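Okay, so here's the structure we're looking at.
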Amino acid sequence: MDTRPIGVFDSGIGGLTVVKEIMKILPYEDIVYFGDTARVPYGSKSQETITKFAKQNSRFLLSKDVKAIVIACNTASAFALDDVNAEFEVPVLGVIKPGANAAVRATKTGRIGIIGTEGTVNSKAYEKAIKKLFKEVEIFALPCPLFVPLVEEGWADRQVSYMVAQEYLEPLKKAEIDTLVMGCTHYPILTKVIGEIMGDEVTLINPAEETAIELKSILFENGLQNTTKRKPEYSYFVSDNTEKFARVGSNFLNKEIENISKIEIEKY
Ligand code: DGL
């Protein structure tokens, strides 16, 4: 039993899709969230830069006495998980391995699609994680960079998102995949659009759900869970503009976000 909060970070708002799943599956845990809104996007930056950012973000969360860190960003998980894990003592968990596990469980034909940022796709992190579990698999990976601004604009349900998705997803339809990993924090907000285009025969994987499940097992295995039945505390920190985070973030969590503070991340 450990009453310290769980630390979660992302390049900005998107990691709230992971927070939402953690809130569902671990309803008594306090959460400290950091969104690096001053330095977003991570998806187009180098591994060196992302590793530096991920370490700073982790140091900030540890200054809030977190008992575990969730890297709720696909790009940062792809580039920096091993380095962060090596540097800090608390359990550190990314979203790639849980997403890969779910994809391998779901596929029947062994034809898996992956969509994510350029960084995530180029890193081949999902591909490697999936191939470790299932060698004969065929992977079709594509970056879909316009999905992030569409979601942030609150346009997930508009026609424009449908048109952009149709354009991006056409090669994956042709590839006849049966499983598609939504390998970017923002993409689960587009589940309806992506699902309509890909059709019922394609299983969509949201790594956020699987990450929350894995976090729960890690907490219980290490005696770190908080099972006291009480209202949990959620606090949010950003490195820029708190208003945009509150406005757009409420669409991610489907509820108002309070308790947001701005911090100087470069100090950590
Ligand atoms: N959070 C990022 C990810 O999941 C998407 C946004 C960005 O490029 O920073 O890869």
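Worth a mention:
- Per residue, the Cα convex hull of the range 1-42 amounts to 61 Å³.
- Relative to the dominant Cα principal axis of the chain, helix 16-25 is inclined by about 70°.
- For the range 148-155, Karplus couplings with θ = phi - 60° (6.51, -1.76, 1.60), whole Hz, Gly/Pro x: 5, x, 4, 5, 5, 7, x, 9
- Within the listed set Pro188, Pro143, Pro41, the residue fluctuating most in the Gaussian network model of the chain (springs between alpha-carbon atoms under 10 angstrom) is Pro41.
- Alpha-carbon centroid distance for the pair the range 39-108 / the range 113-169, whole angstrom: 18
- In the structure shown, the pairs Lys97/Lys216; Lys97/Lys173; Lys20/Lys216 are assessed against 18 Å; a Cα-Cα span above that value is assigned to Lys97/Lys173.
- Less than 5 angstrom separates the built amide H of Ile205 from those of Leu180, Val181, Met182, all sequence-distant by 5 or more or on a different chain.
- With coordinates expressed along the principal axes, the C-alpha atoms belonging to the range 48-90 extend over 25, 17, 14 Å, beginning with the largest.
- Debye-sum result for the range 7-90 in log10 I(q)/I(0), which assumes one identical scatterer on each alpha carbon, at q = 0.11 Å⁻¹: -0.26
- Rg/Rg_globular for the range 106-223, with Rg_globular taken as 2.2 N^0.38 Å and Rg from C-alpha atoms: 1.10
- Per-residue Karplus couplings for the range 169-176, computed as 6.51 cos²θ - 1.76 cosθ + 1.60 with θ equal to phi - 60°, are listed in order as 8, 3, x, 6, 5, 4, 6, 6 Hz, Gly and Pro entered as x.
- Exceeding the 28 Å Cα-Cα cut-off - candidates Lys52/Lys124; Lys24/Lys132; Lys67/Lys255: Lys24/Lys132
- In summary, the convex hull built on the alpha carbon positions of the chain has an orientation-averaged projected area of 13.2 nm².
- Calculated log₁₀ intensity ratio I(q)/I(0) where the Debye formula runs over C-alpha points of the range 83-134, q = 0.16, 0.28, 0.31 Å⁻¹: -0.54, -1.13, -1.23
- The long axis of helix 207-221 is offset from the longest Cα principal axis of the chain by roughly 40 degrees.
- Counting only DSSP H runs of at least 4 residues, each contributing -39500 (n - 2.57), and dividing by the residue count of the chain, the helix-based mean residue ellipticity at 222 nm comes to -14000 deg cm²/dmol.
No value in this document is a laboratory result; all are computed from the given coordinates. All of these numbers come straight from a predicted model, not from anything done at the bench.
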